[in-house]
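Okay, so here's the structure we're looking at.
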2 protein chains.
Amino acid sequence: MVTEIEEFISAVSRDLDKTLDEHVPKSKAEPTRLHEAIRWSIFAGGKRIRPAILTAAGRTFGAVNAQLSQTAAAVEMIHTYSLIHDDLPAMDNDDLRRGKATCHKQFGEATAILAGDVLQTLAFKAIADDETLGAETRIRLISTLADASGTPTGMVSGQQLDLDAEGKTLPLEKIEQIHRQKTGALISAAAVAGAIIGDASEDELTAIKIYGARLGLLFQVTDDLLDVTQRTGILGKTAGKDESSEKATYPGHFGIEKTRAMAAAIRDEACDALLLVERDTSLLRDLTDLVVTRKR
Amino acid sequence: MVTEIEEFISAVSRDLDKTLDEHVPKSKAEPTRLHEAIRWSIFAGGKRIRPAILTAAGRTFGAVNAQLSQTAAAVEMIHTYSLIHDDLPAMDNDDLRRGKATCHKQFGEATAILAGDVLQTLAFKAIADDETLGAETRIRLISTLADASGTPTGMVSGQQLDLDAEGKTLPLEKIEQIHRQKTGALISAAAVAGAIIGDASEDELTAIKIYGARLGLLFQVTDDLLDVTQRTGILGKTAGKDESSEKATYPGHFGIEKTRAMAAAIRDEACDALLLVERDTSLLRDLTDLVVTRKR
């Protein structure tokens, strides 16, 4: 049975694929290898969770799809660029992603580096060129996404902290910091971006920031759990990878059962933050459940 | 003797270093390795030619330094990110840049990939957060720089075409296309960005685009010449690199003497474009001379 939230995500994914197809040059356009590589990775069957969060947050505050789709595409492009670079031999050295060869395995390292680079460029361009939004709103979105994906508190700084931590036993606060930056920041920014487009008040934005931060942490914690409990076939990427490379993870620190209880508590905190928003927040609530119960 | 244009570039460089220092997190800020790597590359004694072009174009149209410095820094950050990634083992595999170890030689490949990634992010953020400019202007600048550094007609697509061309003998049009995209697009965008900030008219922007495109080509042609005529010590990077890796170059195609004559002709075309701009364009003219006569 397909639940309402699953149907929502399917609809977001269909809309997203259309928008991405418009913003990424066609495979036949020169340089074809570069554009094929981008398309290989961006249409590789990703879960589209960030665009879904952005769209859910936007709808909560009354934004319509046309206003949300380009920024949703931008967030997914930034996410995909980070995956392509994260998979490189010098980084995680992963051969498999979403059940397919990783970008560098398929197109070579040089093209994979360039494909990641230019996906970031296309992301910021998609927002800058979005004529459904006022210039002030676009500027705010670009700044928000740059903070979330950059340094010193965003995604790339989290990836560096993660690199620095390999082979070390970390205190819990450090693991949390890595997760917050590496995964949480962009997920949180997706929620905030939707709220910005929906013209949420400052108080509402604060609540959505907390919701997004908890949801981001929840996503990482459940990701860690899936890494130790699922087989590679279901996961679509190499399972057990975290342990074998001695990455800092929650199950590694607390064990599986305690990590599951923590996930439930984090989910409740995310929902509590929504109590401060006097709108219909059911979509955002349902997303937290989906993150907890997902199988990949 | 220091000429007027050399003094201008020195002044731009000093202002730029200050702005960059404000926009790149301190070396002591976590993750320190990432921030050290960024600073290693961005304060490595670059020629600062792109910020100088942007500033010269901006001044030509009456913009003041405070309005120009963040976008100038952004252009230099994009240029530096491209150098860091270009030097990687999977790309040009260069050990030396501006007389120093390249970023990946000093900090490892993973950190160099991340340093390049986040420099791009910081570049777009610097413009988005520039409160000396109206939101519409910032949006235009971000879109212009994204086009120039992205694909299908920008810097990254030029790098891909260059990769695709290695080991092949190319027709002249193809060499020109690679140069236009890989180097010319960002140099041209620097000129256009300055003109946008100075609120140039559409006709003036068209003239500056032509000027910038010729200047960009001139820069690449003279760069190729320096690669075959200068020793590694003066150049600060590995000389003779183009030939040994069978890159598409002008001297390789036409020989040194004919390439020198072409450079002079391209310089004249750049200056001819300025005849359409009824302002004092002496700074922009002097820059073309500087590019022709430079020794590194």
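The values are calculated or read from the model by the stated rules, or taken from the named source; none is laboratory data. Everything numeric here is computed off the predicted structure, so don't read it as measured data. All Cβ positions, glycine included, derive from the backbone under ideal geometry; neighbour counts span all protein chains shown. Just the protein is used for accessible areas: all its heavy atoms, side chains included, with ligands, DNA and RNA removed. Shrake-Rupley method; radii C 1.70, N 1.55, O 1.52, S 1.80 Å.
Could you list, in sequence order, the residues of segment A:100-113 that are open to solvent by less than 10 Å² (accessible area, probe 1.4 Å), in a helix (DSSP H, G or I) and of a type in the set (S, T, N, Q)? Steps first, answer last, please.
So in segment A:100-113, the residues open to solvent by less than 10 Å² (accessible area, probe 1.4 Å) come out as A:102-103, A:111-113.
Add one more test, that the residue is in a helix (DSSP H, G or I), and what stays is A:103, A:111-113.
Scanning segment A:100-113 gives a single hit, A:Thr111.
The set of residues from segment A:69-82 being open to solvent by 10 Å² or more (accessible area, probe 1.4 Å), within 19 Å of A:Asp147 (Cα to Cα) and more than 10 Å from the chain's Cα centre (by Cα) comprises just one member, A:Gln70.
Do we find that A:Ile208 is under 19 Å from the mean Cα position of the chain (by Cα) and either among the β-branched types (Val, Ile, Thr) or within 10 Å of chain B (Cβ to nearest Cβ) (or both) in this structure? The answer is yes for A:Ile208. For A:Asp224, the conditions (1) more than 21 Å from A:Asp86 (Cα to Cα); (2) at pLDDT below 90 are fulfilled apart from (1). Does at least one position in segment A:19-41 carry a residue that is away from chain B (no Cβ under 14 Å), open to solvent by less than 50 Å² (accessible area, probe 1.4 Å) and basic (Lys, Arg)? Within segment A:19-41, not a single residue is away from chain B (no Cβ under 14 Å), open to solvent by less than 50 Å² (accessible area, probe 1.4 Å) and basic (Lys, Arg). When you scan segment A:22-29, do you find a residue that is more than 16 Å from A:Leu186 (Cβ to Cβ), part of a helix (DSSP H, G or I) and not small (Gly, Ala, Ser), even just one? Scanning segment A:22-29, I find at least one residue that is more than 16 Å from A:Leu186 (Cβ to Cβ), part of a helix (DSSP H, G or I) and not small (Gly, Ala, Ser), so the answer is yes.
Which one of these is open to solvent by 10 Å² or more (accessible area, probe 1.4 Å), facing chain B (nearest Cβ under 9 Å), at pLDDT 95 or above and closer than 12 Å to A:Ile78 by Cα: A:Leu122, A:Leu145? Being open to solvent by 10 Å² or more (accessible area, probe 1.4 Å), facing chain B (nearest Cβ under 9 Å), at pLDDT 95 or above and closer than 12 Å to A:Ile78 by Cα holds for just one of A:Leu122, A:Leu145, which is A:Leu122.
Tally the residues that are over 22 Å from A:Thr3 (Cα atoms) and open to solvent by 60 Å² or more (accessible area, probe 1.4 Å), restricting the search to segment A:257-278. Can you show your working first?
Residues of segment A:257-278 that are over 22 Å from A:Thr3 (Cα atoms), as a first pass: A:257-262, A:265-266, A:269, A:272-273, A:275-278.
The next check asks that each one be open to solvent by 60 Å² or more (accessible area, probe 1.4 Å); those that pass are A:257-258, A:260-261, A:269, A:272, A:275-276, A:278.
Total satisfying the criteria: 9.
For segment A:135-157, filtering for residues that are farther than 15 Å from B:Ile142 by Cα and among the small types (Gly, Ala, Ser) leaves 5. Exactly one residue out of B:Gly116, B:Gly158, B:Gly184 is assigned to a helix (DSSP H, G or I), surrounded by 24 or more Cβ atoms within 10 Å (Cβ to Cβ) and at pLDDT below 95: that is B:Gly184. Taking segment B:229-292 and the helices (runs of 4 or more DSSP H) fully enclosed by it, the elements with 3 or more residues that are modelled with pLDDT under 80 and more than 28 Å from B:Val192 (Cβ to Cβ) are at B:232-235, B:241-244. Answer with yes or no whether A:Asp86 is over 16 Å from the mean Cα position of the chain (by Cα), more than 8 Å from chain B (Cβ to nearest Cβ) and surrounded by fewer than 24 Cβ atoms within 10 Å (Cβ to Cβ). Judged against the criteria, A:Asp86 is not a match.
Any chance segment B:46-66 includes a residue that's within 14 Å of another protein chain (Cβ to nearest Cβ) and either within 14 Å of the chain's Cα centre (by Cα) or assigned to a helix (DSSP H, G or I) (or both)? So far as segment B:46-66 goes, no, none of its residues is within 14 Å of another protein chain (Cβ to nearest Cβ) and either within 14 Å of the chain's Cα centre (by Cα) or assigned to a helix (DSSP H, G or I) (or both).
Can you tell which of B:Thr153, B:Thr132 is more than 8 Å from chain A (Cβ to nearest Cβ), surrounded by fewer than 24 Cβ atoms within 10 Å (Cβ to Cβ) and over 12 Å from B:Gln181 (Cβ atoms)?
Numbers: B:Thr153 fails: over 12 Å from B:Gln181 (Cβ atoms).
Result of the check over B:Thr153, B:Thr132: B:Thr132.
Being open to solvent by less than 60 Å² (accessible area, probe 1.4 Å), at pLDDT below 95 and farther than 30 Å from B:Pro89 by Cβ is the requirement here; does A:Ile5 meet it? Considered against the rule, which asks whether it is open to solvent by less than 60 Å² (accessible area, probe 1.4 Å), at pLDDT below 95 and farther than 30 Å from B:Pro89 by Cβ, A:Ile5 comes out as yes.
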